[in-house]
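All remarks here apply to the structure that follows.
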Amino acid sequence: MTSLNGFDTGTTPAARADAPARVRRRLLLAAAVAGVTGPALLAPGAASAQAGALERQVKAAYLYKFAGFVEWPEGSFAHADSPLLIGVAGADALADQLELTVAGRNAGGHPLQVKRVRKGDSLAGLHMLFLGAVDKAQLPDLLATCQNQSVLTVSDSEEVHAQGSIIHFVIADDKLRFEVALKQALAAHIKISARMLSAAYRVQGAI
């Protein structure tokens with residue numbers, strides 16, 4: 001049996017050959033939710049609230065899956081069973097959903113934990129950081145710190161992505177997808193699985 005960071009990739013040659021497709025299906029789990037579309041996200045009232053909740057479920061599912069297909073530099077974890085810490089800045093509702101999504105789960109033997117990051121908080125110990133409504137003036141320093149500390153940065157804002165986030169959520173083909181900036185990942189000494197890259201909507205800097 002082969003595995004990728006603790007996820008089974010199949011026990012037979014045929015199953016292994018189909019592994020990229022299965023990984024893609026896992027990573028695109030919520031993207032298949034028909035309700036999470038551009039028009040739905042703009043609907044008023046209860047429909048809009050429901051769409052917002054679905055979008056948070058999708059993003060939380062992605063963040064959980066990302067953790068299993070990324071390799072951090074040696075020394076990023078004190079022990080083999082040290083927690084993998086996912087920070088969330090400027091998106092408390094997403095943090096709530098993410099806590100529900102990762103409860104009792106792990107990635108590569110590392111229990112998943114969620115930390116709400118406030119202005120001025122230290123980023124020490126983080127492995128991943130979702131950047132929501134953050135102070136624009138602090139973005140350059142925040143992203144530079146994440147790069148220096150090998151933190152996988154994820155955003156849903158074009159502005160944040162343009163300044164250097166590694167992963168960016170986008171609406172494409174009426175589904176929530178993600179883009180990957182390889183240059184930023186390499187600068188942070190973070191390795192992203194080829195299988196995860198194959199599931200991305202766009203990979204920037206691909207050779």
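So the values come out like this:
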| quantity | calculated |
| --- | --- |
| For the stretch 106-118, Karplus couplings with θ = phi - 60° (6.51, -1.76, 1.60), whole Hz, Gly/Pro x | 9, 9, x, x, 9, x, 8, 10, 10, 10, 7, 9, 9 |
| DSSP beta bridges in the stretch 43-142 [antiparallel fraction, %, rounded to 5] | 15 |
| Nonlocal amide H pairs with Leu152, under 5 Å, H built at 1.01 Å | Met128, Leu129 |
| In order through the stretch 63-71: 3J(HN,Hα) via Karplus (6.51 cos²θ - 1.76 cosθ + 1.60), integer Hz, x for Gly, Pro | 4, 4, 5, 3, 4, x, 10, 10, 10 |
| Amide H within-cut-off set for Val170, under 5 Å, with H built and near neighbours excluded | Arg177, Phe178, Glu179 |
| For the stretch 159-167, Karplus couplings with θ = phi - 60° (6.51, -1.76, 1.60), whole Hz, Gly/Pro x | 5, 5, 5, 5, 8, x, 5, 7, 10 |
| Cut-off under 5 Å, modelled amide H: who pairs with Gln204 long-range | Val180, Ala181, Leu182 |
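Bear in mind these aren't lab numbers, they're just calculated from the coordinates by the rules spelled out. Being a predicted model, the structure only gives us computed values, none of them experimental.
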